[in-house]
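First up is the structure itself, then whatever we jot down about it.
Throughout, read-outs are computed from the coordinates displayed, never taken from laboratory work. Not measured: the values here are computed from a predicted model. All Cβ positions, glycine included, derive from the backbone under ideal geometry; neighbour counts span all protein chains shown.
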Amino acid sequence: MTTTPPSAISALGLRKSYGDKVVLDGIDLDVPSGRIWSLLGPNGAGKTTMVQILSTLIRPDAGTVQVAGHDLAKDPDAVRRSIGVTGQFAAVDEMLTGEENLLLMGDLHHLDRRTSRRRADELLQQFDLEDAGKKVASTYSGGMRRKLDLAMTLVGNPRIIFLDEPTTGLDPRSRHTMWEIIRGLVANEGITIFLTTQYLEEADELADRIAVLDHGKLVAQGTPAELKSLVPGSHILLTFGDTTELDAAARVLGGSAGDDQGLTLRVPSNGDLGAIRGLLDRLDAASVTAKNLSIHTPDLDDVFLTLTGRPAAAGEAAENAAKETV
């Protein structure tokens, strides 16, 4: 008889206030082991406060929390031994070499010198930093610095890693490299990733499940596909060669919206293969031919805007946005 492994993180009725400001208002969550779980929310929604609580940096006002099977209130030291935290800004000592940074982390984890050096060598190889290991971190590129920062988090072999904005400031190539590293940690080592990010594309690419936090409450949880299905607006966009074809198609496909200038017709649809086939069969039966067909479904930006009433910060604006002050 097989048993279900415990959740990596679970919380019930989690609350936190600062004076009259309620930051977390009765949060219930369950993060499965060996998965990437992403928390989204506008600045000030309470994301940083939640991570600080789950990583033992601050105490909640109410609620029960289990992290890696340990009670957060009763055994915070066991929680700390099970987790790693990588913040938005790399916690790298730029006066030390990459190897020295890793050895320093080994000392902080009370590893003996031989074990610490072996672990440093393993991580330099794993993160493709062997050639840079003897160089001071101040000479590293942004992507190399982020890789070293994550490698430092792994020195203590954590089972859960909190990643706060892990690719902020990285160029697209470095961002994709970091995504592959994160996927590898989950697929090859079974590590659980608790990801907070302002890049909705990042959550869409990486996360198995996403939760949206707004005004201290979780307003939605689910897979990326499940969250997108909450937002109406899926449609098929047809493009025609002239207005005669466009008008004929509009007559055949009642309830669609036409654009005479763009020669396009927007047809509400969930975009699955059956719907597309049925639409094309109806046009073919009426001897109407479309030049182009494209499927449009809501993305996480649409989900974010619908659920929070605000667009998600993106690109440079997100990188320069202030972190939560609570």
Under 25 Å from the Cα of K47 - lysines, other chains or at least 8 residues apart: K16, K21, K74, K147, K217, K228, K323
Reciprocal of mean inverse Cα separation for the stretch 235-296 (Kirkwood radius, Å): 11.2 Å
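Could you grab the relative contact order for the chain? Cα pairs under 8 Å, six or more apart, rounded to a whole percent.
21 percent
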Label of the coordinate-derived value, P(r) over Cα pairs in 20 Å bins from 0, in percent, listed as [x] 29, 59, 12, 0; [y] 27, 46, 22, 5; [z] 34, 60, 6: [y]
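Add -39500 (n - 2.57) for each DSSP H run of 4 or more in the chain, then divide by its residues: what number comes out at 222 nm, to the nearest 500 deg cm²/dmol?
Mean residue ellipticity, 222 nm, calculated: -11000 deg cm²/dmol.
Just to verify a number: FRET efficiency for V22 and E226, C-beta to C-beta distance, R0 = 41 Å, to 0.05? Walk me through the numbers before you get to the answer.
Values: r = 27 Å, r/R0 = 0.67.
According to the calculation, E is roughly 0.90.
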Table column - 3J(HN,Hα) (Hz), the stretch 189-201, Karplus curve with 6.51, -1.76, 1.60, x for Gly and Pro: 10, x, 6, 8, 10, 9, 10, 10, 7, 9, 8, 5, 4
Hz values of 3J(HN,Hα) by residue in the stretch 72-86 - Karplus curve (6.51, -1.76, 1.60), Gly and Pro given as x: 4, 6, 8, 9, x, 5, 5, 4, 4, 5, 9, 10, x, 10, 10
